[in-house]
1. Report whether or not residue A:13 is in a helix (DSSP H, G or I), crowded, with 18+ Cβ neighbours inside 10 Å and more than 17 Å from the chain's Cα centre (by Cα).
2. If you scan the stretch B:14-36, which residues turn out to be closer than 20 Å to residue B:79 by Cα and touching a residue at least 12 places away in the same chain (Cβ under 8 Å)?
3. With the condition kept exactly as written, say whether any residue in the stretch B:82-90 is touching a helix residue (DSSP H, G or I) at 6+ places or on another chain (Cβ under 7 Å), outside any helix (DSSP H, G or I), under 21 Å from residue B:163 (Cβ atoms) and touching a residue at least 24 places away in the same chain (Cβ under 8 Å).
4. Can you pull out every residue in the stretch A:127-173 that is modelled with pLDDT under 75, within 13 Å of the chain's Cα centre (by Cα) and surrounded by fewer than 17 Cβ atoms within 10 Å (Cβ to Cβ)?
5. Which count do you get for residues in the stretch A:1-55 that are facing chain B (nearest Cβ under 9 Å) and either modelled with pLDDT of 90 or more or under 21 Å from residue B:17 (Cα atoms) (or both)?
6. If the requirement is being at the interface with another protein chain (Cβ under 10 Å from one of its Cβ atoms), modelled with pLDDT under 95 and over 18 Å from the mean Cα position of the chain (by Cα), which of these qualifies: B:2, B:69?
């Protein structure tokens, strides 16, 4: 698999119409797309289908790629969106085929989307430093921290900003 | 997931990529339709203008679809071709008479416009250090744009344009070949 830094010029070439870059881009993107969809939807046929449609969409939209921006987050943003769409579609299909006697008002879909977002946030969190991760975990579980007052507030703010940046970098949106 | 046929997936993705590029190229070349419509409306020979306009549109779509250097030839080629087009359309308005014989200004306008277009294409290619793809693409676009107006007196007008264009292009071309 190519590193993200290698992907940038490859996708730029493809966006400009260089067909020689097609196979390297395809190969460089398949693994991250497959892994992302597996993480978001769980291992299984759904994730596999979503990964395939995500990759097709990414390559279909290769002309739109703005080469001044990093390629991998752009591509993974499309893949994340595709996974969400796939999840909604699958849930709707299940609802209509199972025909449950009482509708849950879309609660199941919302729950799955929530899970998807949490998984994405956890993935983004993994890119942060151990100190930032600890601050965020302590904040979430409201456990006592070694520091308090203004220092703690500043640490939380910084960790949250970094988390937001990491999320944007990975998925292309807030 | 191991059972996924990646070769088939790649072929499908390639097909989608090409179709998307074609759609994008059609949209990119669409503004040319305004130039073609104007040239056909104002030209002396609407059918010839429409014929060259059709060729111009198809060529433009192919250039944009192919991409790389040749894609960059699209607008410089059209811009260069506007010079002989405008000159020839303007020349249609009047004519010159000498020794009891009258003729339109179409052929001189096409020759002069062709020289200017050739110089413009050569200068752009040299300045931007672009390869042969650009030279060929921009020349095609330029001549076809100009030909919509230069068809005013039939094939001789288009021939005058081509000769003028070649003359304008040749100094830089010779310089490039000799390096």
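The values are calculated or read from the model by the stated rules, or taken from the named source; none is laboratory data. None of these values were measured; they are calculated from a predicted model. A quick note on method: Cβ atoms are made from the backbone with ideal geometry, for glycine too, and the neighbour counts reach across all protein chains shown.
1. Yes; evaluated as a whole, the condition is true for this residue.
2. Step one: of the stretch B:14-36, the residues closer than 20 Å to residue B:79 by Cα are B:25-36.
Within the stretch B:14-36, B:25, B:26, B:28, B:29, B:32, B:33, B:35, B:36 meet the criteria.
3. no
4. A:168, A:169, A:173
5. So the answer is 17.
6. B:2
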